[in-house]
Amino acid sequence: MAKRILVTGATGNQGGSVAKLLLQYPTQYRVRVLTRNPDSDAAKQLASRGAEVVKGDLTDASTLDAAFEGCWGAFVVTNFYDATIKDDPASEEHQGRNAALAAQRAGVSCFIWSTLPSSVAISKGEVCCEIYEGKYRVDRFIRDELKFDAAVFVYTGNFYENMVLRGHVVKTDGGKGLEFRQPIIQEDTTLHMVWVEKDLAGVAKAVFDHWDQRKEQLRFRYLYAMDAIHTPREICEVIQRVTGLPTKYVVLPTTGNEQRDIMFTLYNKTGTYPGVVLPDQNVLDLGVELHGLEQFVKERLVPHLGLG
């Protein structure tokens, strides 16, 4: 019998990628997605692919027991840029705690939490970014307070998709050149990169696939769902090589969001994951095939820019 998986954030990048991949395996998994607005176009699209769409809100614990009921697994992500979190940064931790508590009450067997490390720890006290700290505090709650041994933690990196979804790469000089524009991040900052659609989703599915056989090795483990480390300078070099167009890196002054600015300042000080080498052997041991920068540029960026 197919296992039911609850996916939060399924109308966004991370959760949406996981849900869409799992929906390709209907004999293995039945996908239930949690959304505040089941009538949204994104929710309707998931329903048309076979997902069960349920209404709920991570900020409202009373809506979650029914959502998690009968689920064997869950992929849970919170979105700092959601208005409920941007207006109240403490809400991210609150949402993560609500999800973990509901999952434990429902007897979920495999709970994947998309997270980040403590910015204070990796910067040795120089930087405190709530985008990091809220998720990290949920880790501690799951592991140390709940002792919820169905949990595995997945670290995410800088998204290749931002080149497309956030419009970071644009044509210049009447289409004769390109610029890769990012706020604050310097051209030699080291970034641990992930193609969310392929690799984060692939890691999540691999965890679900192997959980019953490897739960002793996987519970409370941190998996780095990223393929390689690149600097913006190196990314420009790859874009230029693939497209044949001169590509310049441009540093913008701000993201327009204080906490995101702090996060990118953290990147400049420490890199995204100081001391962490990629790929993660624990990810490779799950049989995950990782996809790199050049493939992303060819398959996603080039068509997006109309260069194919």
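The values are calculated or read from the model by the stated rules, or taken from the named source; none is laboratory data. Because the structure is predicted, anything quoted here is derived from the model rather than measured. Quick reminder, even Gly has a Cβ in these numbers, built from the backbone with ideal geometry, and neighbours come from all protein chains shown.
Any residue in the range 18-28 that is closer than 23 Å to residue 140 by Cα, in a loop (DSSP other than H, G, I, E, B), in contact (Cβ under 8 Å) with a residue 12 or more places away in the chain and within 21 Å of the chain's Cα centre (by Cα)?
Step one: filter the range 18-28 for residues closer than 23 Å to residue 140 by Cα, giving none.
No, the range 18-28 has no match at all.
Just the residues that are surrounded by 17 or more Cβ atoms within 10 Å (Cβ to Cβ) and touching a residue at least 40 places away in the same chain (Cβ under 8 Å), please, taken from the range 62-80.
Residues satisfying the conditions are 67, 68, 71, 72, 73, 74, 75, 76, 77, 78, 79, 80.
Condition (residue is among the basic types (Lys, Arg) and in the same structural domain as residue 150 (by TED's automatic domain parsing)) applied to the range 240-248: is it met by at least one residue? No. The lone criterion from (1) farther than 20 Å from residue 166 by Cβ; (2) within 21 Å of the chain's Cα centre (by Cα); (3) surrounded by fewer than 19 Cβ atoms within 10 Å (Cβ to Cβ) left unmet by residue 231 is number (1). For the range 60-80, indicate whether the set of residues that are in a helix (DSSP H, G or I) and modelled with pLDDT under 95 is non-empty. No; the residues of the range 60-80 include none that is in a helix (DSSP H, G or I) and modelled with pLDDT under 95. Reported count of residues in the range 192-242, each being within 19 Å of residue 5 (Cα to Cα) and assigned to a helix (DSSP H, G or I), is 21. With respect to the numbered conditions (1) more than 15 Å from residue 297 (Cα to Cα); (2) in contact with a strand residue (DSSP E or B) (Cβ under 8 Å, 6 or more places away or on another chain), which one is the sole condition not fulfilled by residue 193? Looking at each condition in turn, residue 193 falls short on (1).
Filtering the range 95-120 to residues that are touching a residue at least 12 places away in the same chain (Cβ under 8 Å) and surrounded by fewer than 18 Cβ atoms within 10 Å (Cβ to Cβ) leaves 105, 109, 118, 120. Condition check for residue 105 on (1) closer than 24 Å to residue 226 by Cβ; (2) in a helix (DSSP H, G or I); (3) of a type outside the set (A, V, I, L, M, F, W, C); (4) out of contact with any Leu (no Cβ under 7 Å at 6 or more places or on another chain): one failure, at (1).
Of all the residues that make up the range 127-158, how many are over 19 Å from the mean Cα position of the chain (by Cα), in contact (Cβ under 8 Å) with a residue 40 or more places away in the chain and part of a loop (DSSP other than H, G, I, E, B)? Final tally of qualifying residues: 5.
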